[in-house]
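Data block below; observations after.
Just so you know, all these numbers are worked out from the coordinates, no wet-lab data involved. Everything numeric in this text was worked out from a predicted model, so none of it was measured. Cβ placement follows ideal geometry from the backbone for every residue including glycine, while neighbour counts extend to all protein chains displayed.
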Amino acid sequence: MLQKTFCSALLTVILAAATTSQAQDYPSRVLRIVTSAAGASGDLISRLIAQESGPALGQSVIVENRASNIAPEVVAKAPADGYTLLEGGSVIWLTPLMQRKPNWDVAQDFAPVTLVERTPNVLVVHPSLPVKSVTDLISLARSRPGELNYATSAAGASSHLAGELFKQSARVSVVWVPYKGSAQAAIAMMSGEAQIAFSNAGSVLPLVKTRKLIALATTGTRRSLSFPQLTTIADAGLPGFEVESIDAIFVPARTPSAIVRRLNQEIVRALNQPDSKSRLLLVGAEIATSSPEQPATVITSETARWGRLIREANIRVD
C-alpha cells in the first residue's frame, strides 16, 4: 500500500514537472488557428490575430479554414499542447443541441481562451422586395406565408437563430435555406434566390454600400458601430429582439493553464490595439475580449436562452 502511494505521488510530481516544462518552453513551433470559411469575419479576425500575435510569441501563426461544422472536430481531436486553436461562434456551443449524437461537447472538449467579438447582425433584404422598414417586411411576410426565404450560413449560427427568432416574434412563416458559409449566403441574396438574411455585418457591409442589398435594421440592443444610421429591430417594432454574433478562441481541453493564459495575454493585446480595432470595425467586427473564465459564463447563458428556441422550433441538423 505504501509503495503504491509513493508511486502515485511520484507520478503526480513527474506529470506536474512535465507540464511546467512544456509551458516554459512554449511555443517552440508553428501555431495554427482553425476557423470558418475564407473571407468570413472569423477568418479575418483569425488572420489579424496571427499577424499581430506571432512576433510576440516568437513563432509563426497560420490560419486553417474549415467548414464551420468541421473546425470544432479538428480542434477537439488535436493534442492539448496550445499549438492548435479554434476561432468560432455559436455553432460551437449550439450545434450539439441540434444533434442526436453530437460530435463534440463544448465543456468537455475545449478550454476557452478569450471572447473576441460581440457584434449585432444586420437584417438585409433583396432590392426586389417592396419594403423599406421592419414593419413593411413583417406585413409582406404575413401576406405571403411560406413564400419568402431567409438565407443563413451554418445551422446554429447567429444568422440562423436570428431568423428563427424573427419568425417566432413577428409570427410569420418564412423558409430557412442554409448555405455552406456567409459568402455563399450573400451570393444567394444578391441573385434573389433568397430574399431575407440576418447577416454578419462584415459580409454585407460592401453589398449594402453598393445597394446590392438593402439594410433595414440591426439585431443588437443598441445601434451598430458599423451601421449607425440603422435602428434596432427591437426599436422598430419587435421589443426584446436581441441577437449578437459572439466569437471566441478555444484550445483543446486539458491544455495547461499557463499556456491558456499566455495565449489570452497575446490575443487580447493584439485585438485591443487601436489599429486592430479600426481595421476590424471596417468589416463589421466589434471587438470584446475577456479573461479565460468569462466565455464559460456567456456560453452557459446563450445555451439556456437559445436551447428553448431550438426545442420549440424543433431545429435538427442530423
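Points worth noting:
- Sorted by Cβ density within 10 Å, fewest first, the residues Y150, Y179: Y179, Y150
- Nearest 10 degrees, 0 to 90: helix 182-191 Cα axis against the chain principal axis: 10
- When restricted to Cα atoms, the range 56-148 yields an Rg and a Dmax of 19.7, 60 Å, respectively.
- In the chain, helices alone account for a calculated mean residue ellipticity at 222 nm of -13500 deg cm²/dmol, with every DSSP H run of four or more residues adding -39,500 (n - 2.57).
- The label-point distance for S143 and V74, in a model that sets each label 7 Å from Cα toward Cβ, rounds to 4.7 nm.
- The ranking of H126, H160 by Cβ neighbour count inside 10 Å, starting from the fewest, reads H126, H160.
- Convex hull volume of the C-alpha atoms in the range 120-244, normalised per residue: 87 Å³.
- Charging the Cβ of each Asp and Glu at -1 and of each Lys and Arg at +1, and nothing else, the dipole of the chain about its Cα centre rounds to 340 debye.
- The range 120-244: relative contact order in percent, alpha carbon pairs under 8 Å with at least 6 residues between: 36
- The angle between the Cα long axis of helix 158-170 and the main principal axis of the chain comes to about 40°, on a 0 to 90 degree scale.
- Shape metrics for the range 205-294, restricted to C-alpha atoms - Rg then Dmax, Å: 16.9, 49
- Degrees separating the helix 134-143 axis from the principal Cα axis of the chain, which is the longest one: 70
- The chain: relative contact order as a whole-number percent, Cα under 8 Å and 6+ apart: 26
- Residues I92, I246, I233, sorted so that the one with the fewest Cβ neighbours within 10 Å comes first: I246, I92, I233
- Fluctuation leader among A162, A248, A170 - the chain, Gaussian network, Cα springs under 10 angstrom: A170
- Taking the inverse of the mean 1/r over every pair of distinct Cα atoms in the chain gives a Kirkwood hydrodynamic radius of 20.5 Å.
- Inverse mean reciprocal Cα-Cα distance (Kirkwood Rh) of the range 136-209, Å: 12.3
- Sequence-ordered 3J(HN,Hα) estimates for the range 304-312 from the Karplus curve with 6.51, -1.76 and 1.60 and θ = phi - 60° stand at 5, 5, 7, x, 4, 5, 4, 5, 5 Hz, glycine and proline given as x.
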